[in-house]
Amino acid sequence: MFVTDSPSPTSLLDQPCHGHALLTLPAQEAHVSAARHFAADLLETWSVPASERDSAVLIVGELAANAAQYGRERMTLLLELDHDTLHIVVSDFGLAVDRHRPADAPDEHGRGTGIVQYLAQSTEIHQTRSGREVRACLRCSS
């Protein structure tokens, strides 16, 4: 596991906290909970309100679960808090995903990106040379 965190302290004028953190984990389901806990702890440290923190942690969990399922060796979680927007970026090093899934287990798979799209103000999915990058943005009140 590799972690970097470079938060900027909240100013005396009570402006929102700014921060940047990166977590790299093996792309395995066993590490999804570590990504969620990392996000929850960090967002609490950055004073993100509880309801927005809960939404962000759910987004992190869904995106990390997808990265663990489809990624090959590792996944990365980037969290950036800039003014009133939280940027969540999860990258993996997997191959392109076939969007047509069998309908035999609808309760087990296929809702993650729908949850992310519902909770986030915006989402983007990019196929890169080395895998996928999924970005979600959340507004955070101060």
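The values are calculated or read from the model by the stated rules, or taken from the named source; none is laboratory data. This structure is a prediction, so every number in the text was calculated from the model and none was measured. Neighbour counts run over all protein chains shown; Cβ positions are idealised from the backbone, glycine included.
For the reader, a short list of remarks on this structure follows.
- Selection within segment 63-83 - acidic (Asp, Glu) and at pLDDT below 95: Glu73, Asp82
- Top-ranked residue of segment 114-138 - restricted to ones that are exposed (fewer than 12 other Cβ atoms within 10 Å of the Cβ) and of a type outside the set (S, T, N, Q), ranked as nearest to Ser91 (Cα to Cα): His126
- Which listed residue is over 21 Å from Gln121 (Cα atoms) and modelled with pLDDT under 95, from Leu23, Leu13: Leu13
- Contact map, segment 44-72: residues that are within 16 Å of His83 (Cα to Cα) paired with residues that are assigned to a helix (DSSP H, G or I), Cβ distance under 6 Å, separation 6+ or inter-chain. Pairs shown: Arg53/Leu43; Ala56/Leu43.
- Residue that is modelled with the highest pLDDT, among those in segment 84-142 that are in contact with a Gly (Cβ under 8 Å, 6 or more places away or on another chain) and of a type in the set (Gly, Ala, Ser): Ser91
- Output for segment 48-96, where each listed residue is of a type in the set (Gly, Ala, Ser) and either part of a loop (DSSP other than H, G, I, E, B) or closer than 20 Å to Ser33 by Cβ (or both): Ala50, Ser55, Ala56, Gly61, Ala64, Ala65, Ala67, Ala68, Gly71, Ser91, Gly94, Ala96
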